[in-house]
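Asker: Pasting a structure below so you can have a look.
The values are calculated or read from the model by the stated rules, or taken from the named source; none is laboratory data. These figures come from a predicted structure and were not determined experimentally. Virtual Cβ from ideal backbone geometry, glycine too; neighbours counted across all protein chains shown.
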Amino acid sequence: MILYFAADLLWATKIKAAADAAGIAARPVRTLEMLEARLADCPVRALMVDLDAPEIALNLINRIKGPSAAPSERQIVTLAFGPHVAIEAFEAAKRAGADRVLPRGALSRGLHDWLAALSSGQIDRKGLVLEE
């Protein structure tokens, strides 16, 4: 399963549709409480967060990659995305532990390929399929 936080419905719809096409279950998370419930539900392979709402996005990343996360949770691939001009948010996401930070254009171009690779188990946290 992948979890996603999208600040607007357009990106939520894109992510969900691409995940469905790749045969991956995808569920939204909008709060830390929702994240906790999803983590308790079933194994999570990836978390995608929209930096258009940086406070929520960074809280979600920190929960997965921070010191209180279980070792298995730290293995969840985290991908942060946002407007190409959101340089400060990109840097904050990297500091929080995001495995990959992309502008929306790169995410849009590579989303289907990345999800297909994730579905087939061919994702390396250090070398995701998406272009930067």
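Asker: Return the pair list, or none, for Cβ contacts closer than 7 Å from residues in region 96-117 that are in a strand (DSSP E or B) to residues that are among the basic types (Lys, Arg), at least 6 apart or on different chains.
Answerer: From region 96-117, the pairs are Val101/Lys94.
Asker: Still on this structure, please answer the following. Yes or no: region 33-55 includes at least one residue that is outside any strand (DSSP E or B), touching a Gly at 6+ places or on another chain (Cβ under 7 Å) and surrounded by fewer than 21 Cβ atoms within 10 Å (Cβ to Cβ).
Answerer: yes
Asker: Do the conditions hold for Val29, that is, is it of a type in the set (A, V, I, L, M), within 12 Å of the chain's Cα centre (by Cα), farther than 22 Å from Ala117 by Cα and modelled with pLDDT of 95 or more?
Answerer: For Val29, the condition - of a type in the set (A, V, I, L, M), within 12 Å of the chain's Cα centre (by Cα), farther than 22 Å from Ala117 by Cα and modelled with pLDDT of 95 or more - is met.
Asker: I'm trying to understand the selection: among the residues of region 38-74, which are among the small types (Gly, Ala, Ser), touching a strand residue (DSSP E or B) at 6+ places or on another chain (Cβ under 8 Å) and closer than 12 Å to Gly97 by Cα?
Answerer: Scanning region 38-74 gives a single hit, Ala57.
Asker: Okay, moving on. Among the candidates Ile64, Ile87, Ile56, which residue alone is touching a helix residue (DSSP H, G or I) at 6+ places or on another chain (Cβ under 7 Å) and not acidic (Asp, Glu)?
Answerer: Ile64
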